[in-house]
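Take a look at the structure set out below.
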Amino acid sequence: MLLYKPKKNQPAKGNRLLISVTVMGSAGPIRFVVNEGELVAAVIDTALKSYAREGRLPVLGSDLNAFLLYCPNAGSGAMSPWETIGSLGFRNFMLCKKPKAVKMGDEERPNTAVAQKGSGSWKSWINKSLNLKISSH
C-alpha cells in the first residue's frame, strides 16, 4: 500500500531555503521558501507576486524586468537574472527598481541621481536596514 504520493509539480532535487527580500521603500522584508537552484528572475517574480498579494505599498507592478536583485552581503552589483539564488550562499536580498534612462539630446543615459543623492550610498542604507547580525552555520 502506498502511503506517500509526491506532488507532480514539486521539484525533487535541491535544498530549500527560506529567504528574505527587502523591497526598497517598503516597511519590511518578504519571506518565502525557494529551491537553491531557482533562477534569480523567478525569485524576483515570486517576490513581486507576494508583495502585491500582501497589498504592500508602494505599488510596484509585475514587470520583473524592471527590477534588480542585490545581495548586500556579497558587496557586488546586481545579481544576473540567470544566476541561481543559492549560488552565493546568502539568504537576505534587496529588490530595487532599475534606474530609468534619462534622455539627454540624442543619447540615453542611466539616471545616476539615485547614487549621488545624500551623503551615504545605497549599500550603506541596505546594510543598516538588513541589520547584518545574522550568523551563518
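Numbers at a glance
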item: Two-decimal ratio, region 26-100, of alpha-carbon radius of gyration to 2.2 N^0.38 Å; result: 1.04
item: Value of relative contact order over region 18-74, rounded to a whole percent, pairs C-alpha under 8 Å and six or more apart; result: 28
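Laboratory data are not the source of any read-out in this text; all were calculated from the coordinates shown. All figures in this text were calculated on a predicted structure; none of them were measured in a lab.
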